[in-house]
Amino acid sequence: MVEIPDKKNWDMIVFDVDGTLLDSNGFHDELVGLVRRLDREVMTVSLASGRTLPNVTPIMQAIGAKGFIVAENGGMVWDSLEGHAIRSLSNGSRAREAAEWLATKIQGLDPKGIESNRWRETEWCLKETEEFEIMESLIANSEWSDLEVVPTGFAVHIAKPGINKANGLKIAFQQRGVDPSRVIACGDAPNDIPMFDFVGYSVAVNDKFPEVVDSADCVTQQKGLEGTIELIRALLD
């Protein structure tokens with residue numbers, strides 16, 4: 001069982017989405033009800049995802065939480081519940097150009113990437129590929145060397161440095177007056193590391209990536225959605 005220190009000292013929990021709240025089969029049967037209880041009874045629930053804002057908004061509506069959304073790995077900040085305008089932190093046109101260039105260097109790479117790119121504003125997202133290290137090396141030695149390549153287990157994100165979940169959360173926290181040291185983060189992939197390092201306590205629900213395990217304060221015994229449920233039950237206890 002996950003042990004959360006100083007349970008009364010937390011104001012908010014931020015969940016990653018893919019691999020944490022959702023998998024290829026959708027929500028775990030128990031998860032939505034538990035998240036709703038957590039948001040109503042214990043602390044505000046917010047989301048920070050690599051998905052686009054139109055992809056994440058229905059998920060927030062489904063769980064009925066009172067928090068905000070950080071989308072596109074920190075590039076988009078949405079908090080209409082508190083009356084704030086949508087914030088877009090970058091222009092993703094260079095990232096798209098880099099993806100198109102990579103497709104000329106890697107056979108079979110589809111520069112259109114994942115379907116949700118049609119709504120993507122601050123970065124570009126390619127389907128998860130075993131060619132990640134080659135992509136990283138090619139970008140580092142190209143005219144797009146100012147960009148970063150980050151795998152998530154579901155996709156490969158190309159974006160400007162500084163477009164990450166921590167910097168998106170920084171804006172969202174400032175808008176709400178939330179102290180990051182009083183926030184818990186829960187995720188499963190390398191793109192969650194910046195937010196793990198930014199908040200007061202971090203929980204990984206997957207041990208697939210050693211660097212994620214090293215960054216997290218705690219790793220759940222169960223993995224994936226079952227690990228998230230393990231964490232939520234510990235918080236509800």
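The values are calculated or read from the model by the stated rules, or taken from the named source; none is laboratory data. Since this is a predicted model, take the numbers as computed values, not measurements. For neighbour counting, all protein chains shown are included, and Cβ atoms are generated from backbone atoms with ideal geometry for every residue, glycine included.
For the stretch 190-218, how many residues are crowded, with 17+ Cβ neighbours inside 10 Å and touching a helix residue (DSSP H, G or I) at 6+ places or on another chain (Cβ under 8 Å)?
Within the stretch 190-218, residues that are crowded, with 17+ Cβ neighbours inside 10 Å and touching a helix residue (DSSP H, G or I) at 6+ places or on another chain (Cβ under 8 Å) number 19.
Restricting the search to the stretch 173-224, which residues are within 15 Å of M43 (Cα to Cα), under 17 Å from the mean Cα position of the chain (by Cα) and part of a helix (DSSP H, G or I)?
F173, P180
Report yes if some residue within the stretch 175-189 is touching a helix residue (DSSP H, G or I) at 6+ places or on another chain (Cβ under 9 Å) and on the phi > 0 side of the Ramachandran plot; otherwise report no.
No, the stretch 175-189 contains no residue that is touching a helix residue (DSSP H, G or I) at 6+ places or on another chain (Cβ under 9 Å) and on the phi > 0 side of the Ramachandran plot.
Output the qualifying pairs, or none if there are none: Cβ atoms under 6 angstrom, residues six or more apart or on different chains, first residue in the stretch 113-139 and in contact (Cβ under 8 Å) with a residue 24 or more places away in the chain, second residue among the charged types (D, E, K, R) and part of a helix (DSSP H, G or I).
T122/E72; E123/E72; W124/R96; L138/K105
Being exposed (fewer than 13 other Cβ atoms within 10 Å of the Cβ), out of contact with any Gly (no Cβ under 8 Å at 6 or more places or on another chain), assigned to a helix (DSSP H, G or I) and not assigned by TED's automatic domain parsing to the domain that holds S49 is true for just one of S137, S116. Which residue is that?
Only one candidate qualifies: S137.
Can you tell me which residue is nearest to N164 (Cα to Cα) among those in the stretch 16-31 that are at pLDDT below 95 and hydrophobic (A, V, I, L, M, F, W, C)?
Step by step, filter the stretch 16-31, then rank; the result is L22.
Are any residues in the stretch 89-100 more than 18 Å from the chain's Cα centre (by Cα) and either crowded, with 16+ Cβ neighbours inside 10 Å or of a type in the set (A, V, I, L, M) (or both), and if so, which ones? Give the derivation first.
Pass one, the stretch 89-100, residues more than 18 Å from the chain's Cα centre (by Cα): 91, 93-100.
R94, A95, R96, E97, A98, A99, listed by residue number.
Does G50 satisfy the condition of being at pLDDT below 95 and under 17 Å from the mean Cα position of the chain (by Cα)?
Details: at pLDDT below 95: yes; under 17 Å from the mean Cα position of the chain (by Cα): yes.
Taking the combined requirement at face value, the residue satisfies it.
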